[in-house]
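Student: One structure coming up, written as structure tokens, with questions to follow.
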Amino acid sequence: MITLEDVARQAGVSLATASRVLNGSTRQVGASLRAKVERAAAELGYRTNLAAQTLARGASNVIGIVVHDLTDPYFAALADGAMRVAAEQGLLVMVGATHRDPEQEIAYVASLNAQRVRAVLLAGSRVDDPHVTRRLREELARYRANGGRVACVGQDLLDVDTVAPANREGAADLARALAGLGHSRFAVLAGPPGLLTAADRCAGFVEALAALGLPEPVVIHGAFDRDGGYAAARETGEATCVFAVNDVMAVGALASYRERGIRVPDDVSVAGFDDITTLRDHVPALTTVRLPLADMGAKALTMALTTEPATALTTDPAAGSNTRPASESTAISATALTTDPAAGSNTRPASGSTAVPATGSTAGPAVGPDTRPASGSTAGSAVGPAGAPIMGPAARSAVAPATRAASGPATEAAKVSGGDVGRRVERVVGEVVLRESVRRHG
């Protein structure tokens with residue numbers, strides 16, 4: 001029996017391209033490639049698969065979302081953003097949790113392929129195992145050959161449209177901001193060494209400290225969850241500032257310190273990464289690197305469902321107003337506003353939240369609770385609950401006010417050639433948000 005793989009091989013194109021030509025996908029294929037595929041199919045006597053045609057033409061109204069852990073607010077926020085897009089388009093959603101088991105993730109993709117869902121969104125870190133990554137890529141290729149569409153949130157390793165958090169850069173920005181507050185003895189609650197998200201965040205933080213000429217931090221590996229942070233916090237030694245590579249680990253660390261009578265931030269400062277919404281009312285408010293998680297989930301599913309990159313709002317740093325770029329894909333941006341050095345507090349127009357912008361800007365002093373008006377972000381100075389400075393005037397004047405980020409939008413969009421079909425990759429750069437869990441040292 002002649003298969004689609006035989007046609008692709010005869011035509012000298014990818015399996016996905018052969019599928020798009022013969023199964024009626026709405027994705028465009030160039031005239032010359034289309035002619036090669038049709039000629040190869042005629043020569044071999046290939047007969048199309050009606051089920052594959054149905055899927056390629058988008059008759060299915062179901063999408064699959066595969067996450068690592070539904071109890072983790074990070075994944076809940078990503079899924080929520082994607083599900084809102086699905087609801088707007090009248091699509092049903094199937095959600096599967098892998099519990100961080102790569103084999104389960106591969107099995108989910110195979111199952112969703114068998115059920116002929118329209119699109120699959122994978123959300124979560126890849127692992128440091130090339131064999132597992134290759135097998136997942138192959139399973140996704142089989143699904144796409146049948147007309148399915150795929151996008152992922154995570155590392156760009158699967159040859160599909162990807163929303164990729166800039167984990168290394170975000171952690172480096174955080175390290176510089178914390179070092180700017182006078183800290184030099186750090187510990188990193190680094191998560192599992194084989195999880196690429198954890199490894200990238202740890203590496204970015206450590207490398208930034210080395211570039212500043214600061215001592216190497218204590219690095220403690222453990223589980224990538226609340227209990228992992230709780231256990232690792234017992235091994236931070238004499239560190240004055242502790243970085244947990246995700247917020248749920250930071251929550252565990254805060255609980256561990258509280259139970260042992262260690263005061264945060266008086267005795268030790270603590271920072272996380274992600275800015276999960278469940279921590280907005282936590283005391284003390286957690287310093288973190290904010291990612292627009294719901295927007296990332298929404299963007300990833302939109303990429304999977306559309307044949308051309310979607311255009312979305314980005315912020316014009318000069319005008320402070322929303323404009324629509326002509327770029328190939330969305331820029332999820334956050335523009336920093338300046339701090340008023342005379343007043344010693346945040347300038348607060350109609351939008352903004354206390355945040356230190358990405359690389360290229362100067363961190364303000366530590367830190368008051370985050371305020372959350374409508375949109376945008378503000379580079380933070382030290383403001384207490386009633387708007388009073390946390391530090392004294394002398395300490396405050398020694399810290400340069402935050403300046404507008406020179407780097408512009410916080411994402412970078414690119415179109416990557418993968419074989420004979422392009423794919424889209426967007427890097428999302430987070431913002432450092434200084435809050436009450438850190439304070440100036442020394």
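The values are calculated or read from the model by the stated rules, or taken from the named source; none is laboratory data. All figures in this text were calculated on a predicted structure; none of them were measured in a lab. Every residue, glycine as well, gets a Cβ built from its backbone with ideal geometry; the counts of neighbours run over all protein chains shown.
Student: May I ask you to verify whether Val132 is modelled with pLDDT of 95 or more, crowded, with 23+ Cβ neighbours inside 10 Å and of a type in the set (A, V, I, L, M)?
Tutor: no
Student: I need the full set of residues from the stretch 238-282 which are among the β-branched types (Val, Ile, Thr) and in contact (Cβ under 8 Å) with a residue 12 or more places away in the chain, in order please.
Tutor: Listed by number, the residues that qualify are Thr240, Val242, Val245, Val248, Val251, Val264, Val268, Val270, Ile276, Thr277, Thr278.
Student: Hey, among the residues in the stretch 1-19 that are in contact with a Leu (Cβ under 9 Å, 6 or more places away or on another chain) and farther than 15 Å from Glu43 by Cα, which one's surrounded by the most Cβ atoms within 10 Å (Cβ to Cβ)?
Tutor: Ser19
Student: Given the criteria at pLDDT below 95 and within 29 Å of Arg427 (Cβ to Cβ), does His282 qualify?
Tutor: yes
Student: Oh, and also: When you scan the stretch 220-237, do you find a residue that is modelled with pLDDT of 95 or more, under 15 Å from Leu178 (Cβ atoms), assigned by TED's automatic domain parsing to the domain that holds Arg440 and not aliphatic (A, V, I, L, M), even just one?
Tutor: So far as the stretch 220-237 goes, yes, one or more of its residues are modelled with pLDDT of 95 or more, under 15 Å from Leu178 (Cβ atoms), assigned by TED's automatic domain parsing to the domain that holds Arg440 and not aliphatic (A, V, I, L, M).
Student: Mind listing whichever residues of the stretch 216-237 are of a type outside the set (A, V, I, L, M) and within 22 Å of His99 (Cα to Cα)?
Tutor: Answer for the stretch 216-237, where residues must be of a type outside the set (A, V, I, L, M) and within 22 Å of His99 (Cα to Cα): His221, Gly222, Phe224, Asp225, Arg226, Asp227, Gly228, Gly229, Tyr230.
Student: Let me ask you something else. Any idea which of (1) at pLDDT 90 or above; (2) surrounded by fewer than 17 Cβ atoms within 10 Å (Cβ to Cβ) is the one Ala97 doesn't satisfy?
Tutor: (2)
Student: To continue, here is another question. In the stretch 216-233, what residues are of a type outside the set (A, V, I, L, M, F, W, C) and within 13 Å of Phe205 (Cβ to Cβ)?
Tutor: Matches in the stretch 216-233: Glu216, Pro217.
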